[in-house]
Structure formats: structure tokens, C-alpha cells
Amino acid sequence: MKAETGMELLNQKIFLLLNCSNVCSGTWRDHLAIFTAEWLVWALPLLLTYMWLSGNFKMKRAAVFAASSALVALGIGGVIGWLWPQPRPFTLPLGHLLINHTADASLPSDHLTLWWGITLGLAYSPPTRRIGLILAVVGLAPAWARIFVGVHFPADMLAAFVVSLGSAHIVSTYGRTLMTKAAVMGIKAQRALVRRYSPG
């Protein structure tokens with residue numbers, strides 16, 4: 001019990017160091033943090049779409065792999081949040097809140113589970129390993145931003161990374177054949193749509 005209390009206190013202490021409670025003033029840093037916390041993550045689905053539409057078969061398969069990794073991670077994260085719901089900082093209340101957010105389960109962070117689910121999925125695929133690793137490190141920016149704007153604790157980010165890493169490993173270990181089949185089926189479906197809706 002003491003160990004759990006100590007970890008909770010450490011989690012809260014780090015949160016207060018990173019949260020905007022002492023520096024919020026409507027400056028460019030606040031606006032940058034809000035953008036990074038809410039919108040940056042949506043660049044990754046766009047990246048996967050670009051990979052699918054413009055890449056060769058290996059790139060398409062890597063996109064399917066990354067998307068599957070993220071879906072598995074989000075599913076596991078949802079189960080964790082349901083079985084062991086953790087409060088968000090502003091419900092305690094603790095720190096300062098810069099954006100509106102529902103008071104749902106805090107751990108793990110859905111935003112960072114999606115981010116690291118995709119980027120670590122890319123890192124597990126040889127054609128996209130480098131970009132996946134780079135983007136995984138870039139994920140520290142939205143992780144910081146979600147804490148800065150007051151909607152998550154640091155532990156929520158750590159949990160998101162662990163869940164995403166485990167999901168990428170699971171999909172890599174047990175789903176490679178399935179991912180290849182899914183990519184082939186996706187290509188066939190895309191070609192059928194193109195033929196159906198092409199003029200003439």
C-alpha cells in the first residue's frame with residue numbers, strides 16, 4: 001500500500017512540474033501545447049493513408065501492420081480503462097486545465113496509445129523501421145502536451161507506451177501472415193473500386 005501511495009505521489013509531483021499551472025498565460029507556448037495535444041496525432045492516419053495510396057506492396061503491408069498494431073493497443077487500453085479506471089488530474093482537482101475534456105478513465109492515454117501503436121508498428125516493419133523509430137521519439141511532444149494542458153498524468157503516457165510496444169510485438173509475432181493477406185485483400189478491393197468508378 002505504501003509503495004502504491006509513493007508511486008501516486010511521484011506521479012502527481014511530476015505532473016505538477018510539467019503542467020502549465022505555474023506558467024499558463026495565454027502565450028504561444030500554451031497555444032502550441034493545445035495544438036500538439038489535440039491535433040498532431042491525426043497526422044499519423046494521414047501518413048498511413050499516403051503509404052497505402054502511393055507505396056509499393058511492402059509499404060502497404062507496413063501500413064496495415066501499423067494500423068493493426070494501433071487497433072490492438074487501443075483495444076487493450078480500453079479494457080485496462082474499464083477494469084482499472086484512473087481519475088484524470090482535473091477531477092481530483094489537481095493542476096490547471098487548458099482544454100475541455102470528459103472525466104473518463106485516464107490510463108492509458110488514448111492519444112498516445114494511437115500514436116505509439118502506429119509508430120511502433122512502423123518500427124517493427126523493416127521498410128519503415130527508421131521513420132517509425134523517429135516518430136516514436138517525436139511522440140514525446142504530444143505526451144508532454146497532454147500533461148501540460150492538464151488532461152493526463154505521466155503514468156498515463158508510460159502505460160500507453162508499454163501497451164503499444166506489447167501490441168506491436170504481438171502483431172509482429174503472431175500476425176505477419178494475416179497482415180500480408182489483409183494487404184492483398186485491400187489491394188484487390190481498391191482495384192475493384194477503381195475499375196467500378198473509373199470513367200468510361
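The values are calculated or read from the model by the stated rules, or taken from the named source; none is laboratory data. All values reported here derive from a predicted model rather than from experimental measurement. All Cβ positions, even for glycine, are placed from backbone atoms using ideal geometry, and neighbour counts span all protein chains on display. Heads up: the accessible areas ignore ligands, DNA and RNA and are worked out on the full protein's heavy atoms, side chains in. Shrake-Rupley method; radii C 1.70, N 1.55, O 1.52, S 1.80 Å.
Points to keep in mind about this one:
- The chain, accessible area per residue, ligands and nucleic acids excluded (1.4 Å, Å²): 57
- Projecting the Cα atoms of Thr128, Val151, Phe35 onto the charge dipole of the chain, computed from C-beta unit charges around the Cα centre, puts Thr128 farthest toward the positive end.
- Of all accessible heavy-atom area on the stretch 117-200, the percent that carbon and sulfur account for (1.4 Å): 70
- Largest GNM mean-square fluctuation among Met59, Met51, Met185, using the chain with Cα springs under 10 Å: Met185.
- Label selected from (1) 62, 40, 29; (2) 65, 34, 27; (3) 46, 43, 25, the criterion being Cα extents along the principal axes in Å as computed here: (1)
- For the chain, the longest principal axis of the Cα atoms and the long axis of helix 154-174 meet at an angle of about 20 degrees.
- Centroid-to-centroid separation of the stretch 87-120 and the stretch 35-76 [C-alpha atoms, Å]: 21
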